[in-house]
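The values are calculated or read from the model by the stated rules, or taken from the named source; none is laboratory data. Bear in mind the structure is a predicted one, so any value in this text is a computation, not a measurement. Methodologically, a virtual Cβ is constructed for each residue, glycine included, from the backbone with ideal geometry; neighbour enumeration extends over all protein chains shown. SASA here: full protein model, heavy atoms, side chains in, ligands and nucleic acids out. Shrake-Rupley method; radii C 1.70, N 1.55, O 1.52, S 1.80 Å.
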Amino acid sequence: ANYFIIGKALISGQGFRDIHLADAPIDNTFPVVFPILLAALQIFDRSPLLCQIVMGILGALVILFTYNYFKKKDTTLIFPLLILTAASNLLATFGLIFMSEICYTLLTLLALWLLDKSLERPGNAALFWGALAVSILPANCRSIGIAFSAAWVVSTLVDKKYRYAVVHVLLTLVALLLIHLFIPWESGYQSLLFLRDSYDPGQGIITTPELVHRVLDNIGIHSTYLIASCIVPFGQHTPPFLPSLLSKIFIVLITVGWLRGFFGRGRIISFYLLFYFGIVMVWPLANDRRIVCVLPFLFYFLLRGIHVLISVFNPQTTRNFKGLLRDFIGKPKILTQRQLLMVWVLVWIIAGLNVINRIGKPGFHETLSADWINFYRCADWVRENTAPDVVVMNRKPELFYLRCNRKGIVYPYSHDVEAIVASLKQNRVAYIVYDNFFWTNTTAKYLYPVIVSHPEYFKVVYGLHNPDFFILQFVAPGGGASS
């Protein structure tokens, strides 16, 4: 939603601004590539429909460029890889929403494909500059794209393709300079990396022992559930031990394929995942958004790991550790018909479970949980019963704005009651949505003490139950409803 709103601001001539917020500040937290894409699409259609169609096209292009990039890396496994990518429930889900993950994934694949083409034809200036131009886009599409830039530089230096590394660094610096001529510098999401709690900045910066603990927690989350659930969707009746078991198996196979990648063509993607998951393990929130960005690469390394294990660890050909290491580093052996059948059986099982899960999913309105339904009902009430210029404090002002076209703010994540009251007055807030979201308790954590401390400032004007949601009118002197 933020990206769509910034795109709307760009085509309306307001610049890179959060026009859904009360004072429409310049946005200096989101990278520029995806909002610019959505702005270009809104030139032709201001409704979300065209953007929705293009998101689906980007998802299809991810499949296409997965095939184009990997087809020369391993001809034996390219069609199993294509099946896994096309059937992926997670990729399909993110291909239907206005989020930058699919665009980011496509840009990484496109840059890698152009790099291969350029290396095959070193005298072609168009391919050289095209590859370099696209190579700087991932870092400007998602902040974690810095991992891709790092992998690009390191791998091209290792391969002695020095001009690719040098020009990439120079173009990155030029892009940063041009962007920040128009958008003030801000740390953005990177600043969240080292907070104890991103929803409670008052707790301060994380200590080294706490950082180690966070990394270990993230490793545990990925190895007990997250990786497996991104590859194979689990139902409600899945045995509790299965996600953990599959995650560990998948991680072992992916790790084997990833390590093997350092010794062959395309070591850039092994470096990429090294830097990428290095950042992910430090990130305070572990979720599937981080995984979907690299899912085609995880599928590739999963298949490559299976290939390595069933072809290298062969008791009939492997006599000692030296021979084992030689086979691991050398060119992968051709799989026998029986071995290839084993790979295909696994692929069809994973793909089938993804397709079944996707077919079984209800439509969008049916998938909305009760808390989100009540949130949007509150937005509908505000649209029908308030003036167009009122400001509404709520937990998700960007979605609220798209639903009812009313500006808003998020309450400060602060335990200082008077600071929140001052924010209400400063932003001329007229209404507050007191939510009961299932996925967060920040409203109760920060707003409830304010309401209890100053009950005379608030008046309930609308309420819903199951779960409880209320719209409170802020009637304090200096508030938006008092004028």
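In the range 52-69, which residues are among the β-branched types (Val, Ile, Thr), over 14 Å from residue 104 (Cα atoms) and at pLDDT 95 or above?
Answer for the range 52-69, where residues must be among the β-branched types (Val, Ile, Thr), over 14 Å from residue 104 (Cα atoms) and at pLDDT 95 or above: there is none.
Residue 89 versus (1) touching a residue at least 40 places away in the same chain (Cβ under 8 Å); (2) in contact with a helix residue (DSSP H, G or I) (Cβ under 6 Å, 6 or more places away or on another chain); (3) closer than 30 Å to residue 393 by Cβ: which is the lone unmet condition?
The one condition residue 89 does not meet is (3).
What residue, among those in the range 6-25 that are farther than 19 Å from residue 393 by Cα and of a type in the set (Val, Ile, Thr), is most open to solvent (accessible area, probe 1.4 Å)?
Going residue by residue through the range 6-25, those that are farther than 19 Å from residue 393 by Cα are 6-16.
Cutting the leftovers down to of a type in the set (Val, Ile, Thr) gives us 6, 11.
Details: 6: 0, 11: 42 Å².
Checked the range 6-25; the qualifying residue most open to solvent (accessible area, probe 1.4 Å) is 11.
Looking at residue 306, is it surrounded by 22 or more Cβ atoms within 10 Å (Cβ to Cβ), modelled with pLDDT of 60 or more and outside any loop (DSSP other than H, G, I, E, B)?
Numbers: surrounded by 22 or more Cβ atoms within 10 Å (Cβ to Cβ): yes; modelled with pLDDT of 60 or more: yes; outside any loop (DSSP other than H, G, I, E, B): yes.
So residue 306 passes the test.
Which residue pairs have Cβ atoms closer than 6 Å, lie 6 or more positions apart in sequence or on different chains, and pair a first residue in the range 115-144 that is of a type in the set (Val, Ile, Thr) with a second residue that is surrounded by 23 or more Cβ atoms within 10 Å (Cβ to Cβ) and assigned to a helix (DSSP H, G or I)?
Matching pairs, first to second residue: 134/111.
Looking only at the range 433-458, count every residue that is touching a strand residue (DSSP E or B) at 6+ places or on another chain (Cβ under 7 Å) and under 15 Å from residue 478 (Cα atoms) and tell me the total.
Taking the range 433-458 and keeping what is touching a strand residue (DSSP E or B) at 6+ places or on another chain (Cβ under 7 Å), we get 433-436, 443, 447, 451, 457-458.
From what's left, under 15 Å from residue 478 (Cα atoms): 457-458.
Residues that pass the stated criteria total 2.
Mind listing whichever residues of the range 31-60 are open to solvent by less than 30 Å² (accessible area, probe 1.4 Å) and not aliphatic (A, V, I, L, M)?
31, 34, 35, 42, 51, 59
Within the range 381-483, considering only helices (runs of 4 or more DSSP H) that don't extend past its boundaries, which have at least 3 residues that are open to solvent by 60 Å² or more (accessible area, probe 1.4 Å), out of contact with any Lys or Arg (no Cβ under 8 Å at 6 or more places or on another chain) and over 26 Å from residue 7 (Cβ atoms)? Even if it seems obvious, please write down each step before you answer.
Working: elements: 397-404, 417-426, 442-446, 448-453.
Per the criteria, 417-426, 448-453.
Could you list all residues from the range 150-167 that are touching a Ser or Thr at 6+ places or on another chain (Cβ under 9 Å) and buried (at least 20 other Cβ atoms within 10 Å of the Cβ)?
Of everything in the range 150-167, those that are touching a Ser or Thr at 6+ places or on another chain (Cβ under 9 Å) and buried (at least 20 other Cβ atoms within 10 Å of the Cβ) turn out to be 151, 152, 155, 164.
Could you tell me how many of the residues in the range 193-209 are within 16 Å of residue 280 (Cα to Cα), open to solvent by less than 70 Å² (accessible area, probe 1.4 Å) and not in a loop (DSSP other than H, G, I, E, B)?
Residues meeting the conditions: 2.
Collect the residues in the range 97-114 that are over 21 Å from residue 35 (Cα atoms) and touching a Leu at 6+ places or on another chain (Cβ under 9 Å), keeping them in residue-number order. Don't jump to the end; show me each part of the working.
Of the residues in the range 97-114, the ones over 21 Å from residue 35 (Cα atoms) are 112-114.
Once the filter is applied, which keeps residues that are over 21 Å from residue 35 (Cα atoms) and touching a Leu at 6+ places or on another chain (Cβ under 9 Å), the range 97-114 yields only 114.
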